[in-house]
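The values are calculated or read from the model by the stated rules, or taken from the named source; none is laboratory data. Keep in mind it's a predicted model, so treat the numbers as computed, not measured. In this analysis, Cβ positions are derived from the backbone assuming ideal geometry, glycine residues included, and neighbour counts consider all displayed protein chains.
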Amino acid sequence: MTIPKAYQELCELARECAIVESIDALLGWDEQTMLPPMNGQYRAQQMKYVAGLIHNQRTNPKWTQLLDELENGDWRPNPNSDQHTTLKQLRRKVDRAARQPKELVQDLAEATVIGQQVWAKARKENCFADFLPALRKIVELKQQQADALGHKGNRYDALLDEYEPLATTEAIEIVLSELKQKLVPLIQRIAESQHRPSSSVVRGPFPIENQRKFATQAATAIGFDFQRGRLDVTTHPFCTEMGPNDCRITTRYDEVFFNTAFFGVLHEAGHGMYEQGLRSSMYGLPSGQYCSLGIHESQSRLWENMVGRSFGFWEHFYPSAQSLFPEPLNGGTCEEFYAAVNAVEPSLIRVEADEATYNLHIIIRFELEQELISGNLPVEDLPQAWRQKYHDALGVTPETDRDGCLQDVHWSAGLFGYFPTYSLGNLYAAQLFQQAENELGDLQLQFRDGKFDLLHQWLNEKIYSHGQNYPADKLVENATGHPLSSQPFYDYLFKKLGPIYQL
Ligand code: ZN
């Protein structure tokens with residue numbers, strides 16, 4: 001049966017939306033990287049105008065009309081085909097938008113813009129009390145939003161669905177609590193080990209121009225295409241795409257600490273390689289868009305940690321590092337450097353956490369935000385609950401809320417349900433990496449020779465090329481033959497950290 005005209009029209013509508021969204025992304029990238037400070041006000045007007053255009057496109061009644069016509073017609077595309085995915089995902093988008101009253105959407109937009117401003121000031125001044133009214137308001141609105149979106153008894157499910165479509169709180173809870181049970185004793189054993197790698201080799205001076213050169217060289221080697229992308233400097237690193245051949249990554253440099261920029265670039269390059277690997281011919285349609293935030297994060301963490309913090313990788317890159325940074329590195333060995341970039345130390349700040357403790361930071365947030373959304377934890381009790389959980393899980397207690405519940409921007413921006421996608425990313429990454437090793441032979445030998453293309457191609461075939469044709473859990477199960485499990489991540493960590501700490 002020939003493809004109905006209504007389907008072509010639906011695709012045109014989606015592609016038109018993508019054009020305006022990509023213009024918005026360009027304005028946003030430019031604002032963060034290039035904008036002369038005096039033009040901030042006018043840029044806000046430009047972006048507000050474009051946001052209005054996007055809103056008009058998204059609420060165009062034509063979407064529902066075309067989808068109704070296609071769903072009621074005789075044309076039935078094959079399950080998991082591009083066409084089937086287009087219908088399914090666009091219907092999902094339209095339905096989610098329709099379930100939220102306009103007033104609630106506007107109230108949330110306003111509360112989170114104000115929330116972020118109040119949070120930034122409260123964090124700077126270390127005053128949770130100043131943030132409390134704004135956060136209370138946001139939590140109430142998110143509860144209303146969850147109820148409007150609909151759920152089967154657990155409000156958190158409705159919020160999670162925005163970032164990790166079809167995932168359930170219960171399923172994530174099972175896998176993360178298993179992970180926690182394995183991680184806590186491992187971190188304890190590491191803390192008690194007599195063998196501690198020195199971290200002095202990753203403490204500067206690392207001249208910034210050479211850091212940029214080195215990070216660019218490594219990002220190119222693993223497969224980030226600079227003919228279809230760029231690297232620039234921002235306060236908060238990110239990756240954004242604004243066209244089928246235009247993916248921008250950013251980083252920040254720290255002259256006295258190697259890890260910040262280098263691993264940050266590998267992380268963002270991992271996100272960027274996923275975007276660059278999506279099919280350009282499907283740009284603007286769900287089959288040409290990323291599957292979920294958990295899958296996106298699996299791609300960044302895989303290249304940052306499983307590749308970038310591996311011994312084979314450093315056997316290849318250490319000589320270049322030594323010639324670019326003679327002062328801190330000459331006289332040291334590759335083994336010492338490898339141990340230093342993998343050192344484990346329980347700490348208070350999530351974004352600075354090592355691979356072993358990182359997920360405990362996430363689990364704490366996942367537990368707390370569920371309680372906030374269910375209403376079981378009064379917002380004013382958050383600082384105390386935070387301190388207790390850090391004490392119990394990591395053995396460290398923040399002395400100030402700045403180092404505690406005020407450290408992350410997410411809640412002030414209304415991003416409840418976002419945090420668990422970071423841990424899902426780590427678990428998916430380890431599971432995919434383990435399977436790639438099973439299929440591609442000894443990856444460490446390939447990395448030692450500077451060869452990253454087989455792994456890159458494997459990810460292209462198993463993940464990138466499918467876009468949204470499968471939900472995240474199914475995509476990973478198809479690639480690895482197993483449902484999501486915390487075991488590959490734990491095995492990966494133990495294999496790496498066991499020898500370093502002589503466990
Ligand atoms: Zn990321």
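Points worth noting:
- Filter pass, residue 266 being within 12 Å of the ligand (Cβ to nearest atom) and within 20 Å of residue 452 (Cβ to Cβ): yes
- Some residue of the range 417-434 being surrounded by fewer than 24 Cβ atoms within 10 Å (Cβ to Cβ), at positive phi and not in a helix (DSSP H, G or I): no
- Qualifying residue in the range 58-81 (condition: touching a Gly at 6+ places or on another chain (Cβ under 9 Å), touching a residue at least 12 places away in the same chain (Cβ under 8 Å) and among the acidic types (Asp, Glu)): no
- Taken together, 211, 194, 217 contain a single residue that is surrounded by 17 or more Cβ atoms within 10 Å (Cβ to Cβ), of a type outside the set (Phe, Trp, Tyr) and more than 27 Å from residue 405 (Cα to Cα), which is 211.
- Count of residues meeting criterion [over 27 Å from residue 285 (Cβ atoms), modelled with pLDDT of 90 or more and assigned to a helix (DSSP H, G or I)] in the range 22-37: 1
- The set of residues in the range 92-112 being surrounded by fewer than 13 Cβ atoms within 10 Å (Cβ to Cβ) and more than 27 Å from residue 291 (Cβ to Cβ) consists of 101, 102, 103, 106, 110.
- Pairs where the first residue, in the range 491-503, is among the hydroxyl-bearing types (Ser, Thr, Tyr) and the second is surrounded by 13 or more Cβ atoms within 10 Å (Cβ to Cβ) and not in a helix (DSSP H, G or I), C-beta under 8 Å, 6+ apart: 501/193; 501/196; 501/344
- Single match in 324, 293, 285 (criterion: within 16 Å of the ligand (Cβ to nearest atom) and modelled with pLDDT of 95 or more): 293
- Failed item, numbered, when residue 87 is tested on (1) buried (at least 17 other Cβ atoms within 10 Å of the Cβ); (2) within 30 Å of residue 377 (Cβ to Cβ): (2)
- Residue within the range 159-172 that is over 20 Å from the mean Cα position of the chain (by Cα), β-branched (Val, Ile, Thr) and assigned to a helix (DSSP H, G or I) present: no
- Residue 160 being in contact with a Phe, Trp or Tyr (Cβ under 7 Å, 6 or more places away or on another chain) and buried (at least 19 other Cβ atoms within 10 Å of the Cβ): no
- Residues of the range 304-349 that are polar (S, T, N, Q), closer than 21 Å to residue 193 by Cβ and free of Cβ contacts under 8 Å to residues at least 60 places away in the same chain: 333, 347.
- Of everything listed in (1) away from the ligand (no atom under 16 Å from the Cβ); (2) within 26 Å of residue 186 (Cα to Cα); (3) surrounded by fewer than 21 Cβ atoms within 10 Å (Cβ to Cβ); (4) among the small types (Gly, Ala, Ser), the single unmet condition for residue 331 is (2).
- Of note, residue 208 does not satisfy the criterion of being among the β-branched types (Val, Ile, Thr), away from the ligand (no atom under 16 Å from the Cβ) and closer than 30 Å to residue 416 by Cβ.
- Flag: residue 372 does not match the condition of being more than 16 Å from the ligand (Cβ to nearest atom), free of Cβ contacts under 8 Å to residues at least 60 places away in the same chain and in the same structural domain as residue 223 (by TED's automatic domain parsing).
- Of the residues making up the range 140-156, those that are within 16 Å of residue 100 (Cα to Cα) and surrounded by fewer than 21 Cβ atoms within 10 Å (Cβ to Cβ) are 140, 141, 143, 144, 147, 148, 149, 150, 151.
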